[in-house]
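Chemist: Just passing along the structure, written as structure tokens.
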Amino acid sequence: HMEDKFNMENFVQMKMDSLMAFAVHAPIETCLHLVNEIGENVSLGTRLEALTVLGGMAQELSGLSELRNRQELQSKQRESQLPNNVDEIAMSSKLQRSLNLYNNPNVSSRSNDLEESPQSTSNVSKTRRWRRPRTTTITVTNRFGPIAAQMMYSLFAFISRTKSEESIWGGPLGEKFLSEFLRTLSIMLDCSRTYPGNSVHVMAQDLFELAWSFHDAQSSEVRYAVLAAMGTSISLVPVEFLMRVGHFIGEGDISSEWISFLEKCGFSDPDTDCRALALMIIGTIAETDHNRIS
């Protein structure tokens, strides 16, 4: 990646913006180039930058970034349309006397409003009845879905090809890279969930099995990434997959090695974030099993 040879202001941000712009317009080429780059003799920072670009590109192409921005804009527009005296309560004088609120400054008398013109009364009534304006449904196009498999499996192929290389995966730096690697795959899978087709289910199964292979990592950061990948995958894998590998046993009972792992993490993991995430995944599994039976 580019280096700041001229001490430019905001160089890092401009560099990432440039990489993202290039990635969005040529996603496949960018992905293949970055995957090759992270396998070379480069620093951990460069590898993490490459993963950041890949994850950000998936979110941008999927429309999640646009959806988030439009929802925030819509929320601000709704807030700006609310009346300034939203905390003031309007009720009839009779009700005020019954509740001993006749002199309460936060309560206005509805009878005062009736002295205004009929048109004004109608507007006030409508404002009170429909305090929040109706919102329109926001839709976006998922452009990441059609290329999700090609991008994800380039990363799967990379880890399969380099898994024995200590310079990439060994030591604390390797643990950091592995945690971000799994996190990037989880982001990609989540960004492809709205695209129709069966490929997302296959990718979810492969990510689940890859994450499970690192479940016994000593690093809490890696364990959290494993849990995040498993949680993302579980919501997308078919029930048949869980049943085939023996995850559902008996009449609604769930029994497997990875369920035991989740329970152990949920109740005894030394990391608070890992415990919370494991318990959330257990709840999702229990709900899935209940829906399967019913």
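The values are calculated or read from the model by the stated rules, or taken from the named source; none is laboratory data. Just so we're clear, the structure is a prediction, and the values are computed from it rather than from any experiment. Ideal geometry is used to build each Cβ from the backbone, glycine not excepted, and the neighbour counts take in all protein chains shown. Side chains are part of the model used for accessible areas, which takes the heavy atoms of the whole protein and leaves out ligands, DNA and RNA. Shrake-Rupley method; radii C 1.70, N 1.55, O 1.52, S 1.80 Å.
Chemist: Name the pairs whose Cβ atoms lie under 6 Å apart, with the first residue in segment 40-56 and under 25 Å from D190 (Cβ atoms), the second open to solvent by less than 20 Å² (accessible area, probe 1.4 Å) and not β-branched (V, I, T), and 6 or more positions between them or separate chains?
Modeler: Final answer for the pair search is R47/F177; A50/L34; V53/A23.
Chemist: Taking L48 as meeting all but one of (1) part of a helix (DSSP H, G or I); (2) modelled with pLDDT under 95, write down the number of the exception.
Modeler: Failing condition for L48: (2).
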